[in-house]
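For reference, the structure is listed below as structure tokens.
The values are calculated or read from the model by the stated rules, or taken from the named source; none is laboratory data. Note that the structure is predicted; figures quoted are calculated from it, not measured. Note that each Cβ is placed from the backbone with ideal geometry, even for glycine, and that neighbours are counted across all protein chains shown. With ligands, DNA and RNA removed, areas are computed over all heavy atoms of the protein, side chains included. Shrake-Rupley method; radii C 1.70, N 1.55, O 1.52, S 1.80 Å.
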Amino acid sequence: MSTPRKQVILGAYLGGVNHHTAWWHPDAGSQIDFGAFEHTARTAERGKFDFFFLAEGLILRERAGKIFDQDIIGRPDTFTVLASLAAVTEHLGLAGTINTTFNEPYELARQFASLDHLSGGRAAWNVVTSFDAFTGQNFRRGGYLDPADRYERAEETLNAVRALWDSWHAEDLAADKASGQFLARPDAGEFSFRGSQFDIAGRFTVPRSPQGRPVVLQAGVSPRGRAFAAANADAIFSPYGSLPEAANFYRDIKSRAVEAGRGADDIKILPSASFVLGDTEAEAIEKYHVLRDEQVTGQTALILLEQIWNRDLSGYDPEGPVPAIDPDPDGPPIIQGRAFVHQDRFATAERLRQVAEAKKLTLREVVADQFERGPLVGTPAQVAEQIDTFVQSDGSDGFILGSHLVPWGLDEFVDRVVPLLQDRGALRTHYTGTTLRDNLGLPNVRFDTKFSADV
């Protein structure tokens, strides 16, 4: 008996203005009009994608005290967009990134439970943290959180939110018109949560939502981030585009999940990727190189390197070598408002120098080579093969796809690649589940299980 073919999970990503998006392209539409979000979501649903994904933008990014146009974000409020999309889609999951540093558990639980109700069980929360004082200045408390405490707050926030979701049981609404009894259990919604970050108690206002607990997504490659995701998340974003690195990450996360008392399939691994298609391989490669040169200009390359070096590199020639000087991690931040993802600036700088030397690349070329988002390049058949092989080889459980062209870029993928994945038996031809949790193949939440409220 043959092993069932692993189903590819697909998410559609619309990320706003940054160097991945060709917002200046003559065919590009608005980055903020509802029509752009609606078209992308409807297209993803037409292609039987699992979910639509929004990142978060809480402040306009700056370089040396001035806003820079290459990375201005342009991301409207997540809940407003996702609630609007719930009304124009039927099956597509709706995933939003919301920060645990600047939000309180009660409002987070209420917003995601409400979205889960409005969408019929399609809500997902991408849990992120921040210790960035620059971003924090937009909020009442400012950048008050010590970097060492951000995962502690994130973990308590998630635990508190789950306690609130679990404060209602599935059978708590009697709604008996004859007797006039609305609640079946008088203590429905009662909660109490105590920890180092929160001491809250009261009554939660939103009854149990269709998924019980909306799907939880997470990112992070540090040991603390991996452990947090493996113990708590339903899916984790992978930063690895090459199969050997991705497979190591995949095995590590699945192993950690089992050690945390979960099943290996209880957490999904999802890298992000872009795609460039052509009628021939040569055409696709040429389109890819032209697009990459337009996206990573000399100025953009210098700004991306300044995130690592934390130095003013404007005097360097983008077509020259990678700077030989070391980063200055202790200096005042030159780039503000962007999540820092490089754990060791010195090691990252040295790796870029080595790549540039080995591949004979200029400063701009090595940035274009190393900062891209897992490109899938080729004919539709070749891209389908790349995706399917990556997933069947346990490099991931699927991909989150973003197009450089908003909002019509995803159409080409849905029209030309999706049918080939379906022909391979690697992608559904129709939705079978009623909730996002069903479609992702995640275990259902036991409605008789209450999350531990005291930590």
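Can you tell me which residue in region 22-51 is farthest from HIS404 (Cα to Cα), limited to those that are within 16 Å of the chain's Cα centre (by Cα) and assigned to a loop (DSSP other than H, G, I, E, B)?
Step by step, filter region 22-51, then rank; the result is ASP50.
For (1) of a type in the set (Lys, Arg); (2) open to solvent by less than 60 Å² (accessible area, probe 1.4 Å); (3) touching a helix residue (DSSP H, G or I) at 6+ places or on another chain (Cβ under 8 Å); (4) at pLDDT 95 or above, each residue gets a yes or a no:
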| position | (1), (2), (3), (4) |
| --- | --- |
| GLY378 | no, yes, yes, yes |
| ASP388 | no, yes, yes, yes |
| GLY395 | no, yes, yes, yes |
| ILE400 | no, yes, no, yes |
| VAL414 | no, yes, yes, yes |
| THR432 | no, no, yes, no |
| ASN439 | no, yes, no, yes |
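Against the condition small (Gly, Ala, Ser), in contact with a strand residue (DSSP E or B) (Cβ under 6 Å, 6 or more places away or on another chain) and either over 30 Å from LEU313 (Cβ atoms) or surrounded by 17 or more Cβ atoms within 10 Å (Cβ to Cβ) (or both), how does GLY11 come out, does it pass?
Numbers: small (Gly, Ala, Ser): yes; in contact with a strand residue (DSSP E or B) (Cβ under 6 Å, 6 or more places away or on another chain): yes; either over 30 Å from LEU313 (Cβ atoms) or surrounded by 17 or more Cβ atoms within 10 Å (Cβ to Cβ) (or both): yes.
When the stated conditions are applied, GLY11 passes them.
Looking at ALA273 and the list (1) in contact with a strand residue (DSSP E or B) (Cβ under 7 Å, 6 or more places away or on another chain); (2) open to solvent by 20 Å² or more (accessible area, probe 1.4 Å); (3) of a type outside the set (Asp, Glu); (4) at pLDDT below 95, which single condition is not satisfied?
It is condition (2) that ALA273 fails.
Among the residues of region 146-171 satisfying the criterion of being part of a loop (DSSP other than H, G, I, E, B) and touching an Asp or Glu at 6+ places or on another chain (Cβ under 9 Å), which is surrounded by the most Cβ atoms within 10 Å (Cβ to Cβ)? First the steps, then the outcome.
In the first step, residues of region 146-171 are kept if they are part of a loop (DSSP other than H, G, I, E, B); the result is 146, 166-171.
Cutting the leftovers down to touching an Asp or Glu at 6+ places or on another chain (Cβ under 9 Å) gives us 167, 169-170.
Details: SER167: 26, HIS169: 18, ALA170: 14.
The selected residue is SER167.
Out of everything in region 288-299 that is over 23 Å from the mean Cα position of the chain (by Cα) and of a type in the set (Val, Ile, Thr), what residue ends up being most open to solvent (accessible area, probe 1.4 Å)? Can you show your working first?
Applying the first criterion (over 23 Å from the mean Cα position of the chain (by Cα)) to region 288-299 yields 288-291, 293-294, 297-299.
Imposing the further condition that a residue be of a type in the set (Val, Ile, Thr) reduces the set to 290, 297.
Details: VAL290: 76, THR297: 55 Å².
Here the answer is VAL290.
Hey, among the residues in region 157-195 that are within 30 Å of ASN99 (Cα to Cα) and among the small types (Gly, Ala, Ser), which one's farthest from the chain's Cα centre (by Cα)?
Selected residue: ALA188.
Applying the selection to region 301-356, what residues are of a type in the set (Ser, Thr, Tyr) and either within 30 Å of PHE139 (Cα to Cα) or in a loop (DSSP other than H, G, I, E, B) (or both)? If you could, list the steps in order and put the result at the bottom.
Taking region 301-356 first, the residues of a type in the set (Ser, Thr, Tyr) are 314, 316, 348.
Selection gives SER314, TYR316.
Would you pick out the residues in region 194-212 that are at negative phi and open to solvent by less than 40 Å² (accessible area, probe 1.4 Å)? Spell out the reasoning first.
Filtering region 194-212 down to residues at negative phi leaves 194-201, 203-211.
Result: GLY195, PHE198, PHE204, VAL206, PRO207, ARG208, SER209, GLN211.
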